[in-house]
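Trainee: Before I ask anything, here is the structure I am working with.
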Amino acid sequence: MAAVLALVVVVAVNREDTAPVSGAAADPPPTADPLGADIAGIQAQLKITPNNADGWATLGLDYVQEAKNTVNPMYYPKAEGALARSLQIMPTGNAAALAGQAALRAAQHRFADSLTLAQQAQALDPQNSMIYGTLADAYTQLGRYDDARGAVQQMLNLHPGTPAYTRAEYVYELAGQPDQARVLMNQALDEATAPADIAFCRYYLAELAFTGGDPAEALRQVQLGTQADPRYPDLLEGQAKAEAALGQEAAAVADYAQLLASTPQPQFVIEAGEYLESIGHMTEAQQAYALFDAENSLFTSNGVQLDTDPTLFYADHGDPAKALSFGEAGLRIRPFVEMDDAYGWALHANGRDAEALTWANKAAATGMRNALFAFHKGMIENSLGQKDAARTDLSAALAINPHFDPLQVPVARATLTQLGGPR
């Protein structure tokens, strides 16, 4: 991973598929659903000019973003149709539609297909910085971290704005350099003008704070993000998680309830359920887990293969065979560091600890400071009788972030006590 650290920010006059894409100098007046308004406007224009290939490509890309915003995968077939229509109208030289298809495949967790399409788009439009962002996202999720670094560098060279800086931030985060990552995210924030981009940057500054063990700073960043854009969907998750870590139980319960009603992303649903279980709200926790099961089926039926979320969920909640099945499928489509860790944990849940440790070591190899990775590795080592190594890794997990998981932190503490206490 040494090559990852060679990024050079070129000064001149943009994560897995969530980095901001706006770059406008000014924003339209706020509406309840600005993206929905944009979609309606493009649809109306296409009724007048139905052979506008760029219009269909833009509509397809907007459908992809709306699917993310609303956690509704049924927008993906709509995106597929719009992008196909664009290519039907303009079958050659249509970089916009190919880039849109690349973004769609990434959202569907079909990262190899996303990479191929992004490469085709880049060949047609090599000066388009956002295409390099899509390339970087695909390379990252395919575990090709040096290639991702190169694509981010190209993006920085072409247009060192918010989308490029946020991707550069993730390069440093993966390499285990959170201080440098924070610098890049603050640069992204300095360049951001759109409320959604400001909120995005604040959310990920909150994530850096929380994963580094500082929930108070995380909550502060979330509140600043909410001031910029109260509609930004992920901020409520960051707020609930920070409140939970700070012991603000009533606020956390209320915010998780609102989150499940407004933005039930699979990862958020599991997180909410596990927090509710940790404080004894078992009925509500089971409802959240049932919701995740239903969502997993809905995503699958709309062409989206979830990977780390079901792998970890079923490993932690009593279905190790199902966890292993999702882990094996996930590795085929997303051989990324998070999937390495999740697959190792699924192997551990199935009693295959020697194999599990190989994958846990692979997850640790980038240097990323991740408390959950360290916890998983420590528990696997403990099962193998490697007590000193287990004690070291479990101590590291709690040192990195003593709030990393509401159900697993007590397990880490209890296991460390059995091993003689933290190092």
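Trainee: Taking region 280-313 as the region of interest, how many residues are part of a helix (DSSP H, G or I), more than 21 Å from ALA252 (Cα to Cα) and open to solvent by 50 Å² or more (accessible area, probe 1.4 Å)?
Mentor: Going through region 280-313 one residue at a time, the tally reaches 6.
Trainee: Okay, next question. So which residues in region 344-359 are open to solvent by 20 Å² or more (accessible area, probe 1.4 Å) and within 22 Å of PHE111 (Cα to Cα), if there are any at all?
Mentor: TRP359
Trainee: Could you list, ordered by first residue, the pairs with Cβ atoms under 6 Å in which the first is in region 141-169 and farther than 23 Å from ASP307 by Cα and the second is open to solvent by less than 30 Å² (accessible area, probe 1.4 Å) and basic (Lys, Arg), at least 6 apart or interchain?
Mentor: Final answer for the pair search is VAL152/ARG167.
Trainee: Hey, can you tell me all the residues within region 249-279 that are farther than 21 Å from ASP234 by Cβ and surrounded by 14 or more Cβ atoms within 10 Å (Cβ to Cβ)? Can you show your working first?
Mentor: Taking region 249-279 first, the residues farther than 21 Å from ASP234 by Cβ are 249-250, 277-279.
Selection gives GLU277, SER278, ILE279.
Trainee: Can you tell me which residue in region 70-102 is nearest to the chain's Cα centre (by Cα), limited to those that are at pLDDT below 95 and open to solvent by less than 50 Å² (accessible area, probe 1.4 Å)?
Mentor: VAL71
Trainee: Evaluate the following for ALA218: is it touching a Gly at 6+ places or on another chain (Cβ under 9 Å), over 20 Å from ASN370 (Cα atoms) and open to solvent by less than 20 Å² (accessible area, probe 1.4 Å)? Working first, answer last.
Mentor: Details: touching a Gly at 6+ places or on another chain (Cβ under 9 Å): yes; over 20 Å from ASN370 (Cα atoms): no; open to solvent by less than 20 Å² (accessible area, probe 1.4 Å): yes.
Spelling it out, it is not the case that ALA218 is touching a Gly at 6+ places or on another chain (Cβ under 9 Å), over 20 Å from ASN370 (Cα atoms) and open to solvent by less than 20 Å² (accessible area, probe 1.4 Å).
Trainee: Here's another thing I want to ask about it. With respect to the numbered conditions (1) under 14 Å from GLN239 (Cα atoms); (2) touching a Leu at 6+ places or on another chain (Cβ under 6 Å); (3) not basic (Lys, Arg), which one is the sole condition not fulfilled by LEU224?
Mentor: Here LEU224 meets the rest and fails (2).
The values are calculated or read from the model by the stated rules, or taken from the named source; none is laboratory data. Quick caveat, the model's predicted, so the values are computed rather than measured. All Cβ positions, glycine included, derive from the backbone under ideal geometry; neighbour counts span all protein chains shown. The accessibility values were calculated without ligands, DNA or RNA, using every heavy atom of the protein model including side chains. Shrake-Rupley method; radii C 1.70, N 1.55, O 1.52, S 1.80 Å.
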